[in-house]
Amino acid sequence: MRALKTTLAAVAALLVVGAALLWWWLPSDAALAQRVAEQASRALGVQVRVGALEWQLLPHAQVTVHDVATAQEQPIVLRRLLVQPRLWPLLLGRVELQRVALDGATVVQQSLRALGGGGAKAGAPAVELARLEFSDVTWVSYSGVAVAYSGEADIDPGLRLREARLWRPGQEPPADLHIVRDTADAQDATQRFSLQARVGGGAAQGQARVLVQDGGRLRLEGELTPRGVEVQAALAAFHRDAPVGGRADGETRFAAEGDNPLALAQTLRTETRFTMQPATVLRFDLDRAIETLGREHAGQTRLDRLTGGVETQNTPAQGMVIRFIDIKAEAGRLSASGSAVLQRRQLQATAAIDLVDGVVGVPMRIEGPLGQLKVTVSKAPLVGAAAGTAVLPGIGTAIGAAIGRLFGGDEAPPPKAAPAPRH
């Protein structure tokens, strides 16, 4: 018994000495913060500042980093980042993270272009992550619209997403997305997911597929079927002013390619066919625009039916390009059709408006920055028609400014050649 007590006392003494030596050998919080800042700066290709860092081994290993910011005109900022590694794999040279939690961040889309110039360190170990959480993360688009998100994700080995939720905090009606992976074939190179989303008092269900290509590059594709989405409420959830009121149904296809999830988000392409009946153009009065040949157009327009297509293309260099194609509006015996392109709040749109009393195919062009649009209505087709007596009650079209902003887009290059107006 005495021998056992002596042995335990010797082991305890060795542990105390070993802990003291380990404490002396391991870096201080300040030294480790400086090391993290230097490594992040080399990896990202821009200077990175770390405000403070705290680490601990017991009761569980974790590192907390505070006030991280890139040295850019519009810096990317992380308020508090918590990383909890699994200690035993770490001692064996493997990086396995039990949990990563980000509380507060500002990510400026335009600033992301400058990151990554330093390249990845050769021979860097692969990283495994079991759970990711983030809250109050604000995404600032190219046009300066800032929207905060929260989310959580559970991840299987090989960084295979198992389940995730993304939502707009404090939003009513809810605006969120729920993603669940189909685990029927865990070894399949194509990962399949079911999607459920809520926005604007409506819902959307769909499927997504992620193919891991040679070299680890990812390809995303899928479909969604939005139903009963109130456009005005949906856009308000993302800090957008809705030009059109009414509920929309549609069919959406999407695709993207990239080396990581962020790259997928920055290259996402979508194609949507939508129907709204009825609909109201909230800030465009077509009656007034025609009567004044475009000099005045403030007001509203009621539509019986509005249909068309929306194509979006996100690019890391220029943000989102939005094209509105095959847009058709109906109000009683009246109709209009046209197209529009929007990028960085600059709109170019054309329309052909079919009236009554023999006036057909009145051309209209709307262009300029949102909020300062110039509307041009050709008077040539009105020759021989009494414009003042033309029957125009309730005619409306979301062509131009309204259609250009139907889904809250804020970006697009010179438009494709528009079809010639009908005469």
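Only the coordinates and a few stated rules stand behind these numbers; no lab work does. Note that the structure is predicted; figures quoted are calculated from it, not measured. Methodologically, a virtual Cβ is constructed for each residue, glycine included, from the backbone with ideal geometry; neighbour enumeration extends over all protein chains shown.
Protection proxy ranking for 267-273, 283-289, using the average of other Cβ atoms within 10 Å per residue and placing the highest first: 283-289, 267-273. Here the alpha carbons of segment 207-328 define both size measures, Rg and Dmax, at 17.8, 61 Å. Each residue in V137, V310, V341, V77 was given a count of other beta-carbon atoms within 10 angstrom of its own, and listing them fewest first yields V77, V137, V310, V341. The phi torsions of segment 344-350, fed into the Karplus equation with coefficients 6.51, -1.76 and 1.60 and a -60° offset, translate into couplings of 6, 6, 9, 10, 9, 9, 10 Hz, rounded to whole numbers, with Gly and Pro shown as x.
The trypsin sites (Lys or Arg not before Pro) of segment 135-243 that DSSP puts in a loop, and whose beta carbon has at most 16 other beta carbons within 10 Å, are R217.
D by Stokes-Einstein for segment 24-140, Kirkwood Rh over Cα pairs, 4 °C, 1.567 mPa s: 85 µm²/s.
Here is the list for segment 274-342: GluC sites (Glu not before Pro) lying in DSSP coil, each with at most 15 other C-beta atoms within 10 angstrom of its C-beta, are E296. When each of I322, I155, I353 is scored by the number of other beta-carbon atoms lying within 10 Å, the sequence from fewest to most is I155, I322, I353. From the alpha carbon centroid of segment 224-293 to that of segment 164-180 is 18 Å.
The antiparallel fraction among DSSP beta bridges confined to segment 24-140 stands at about 65%.
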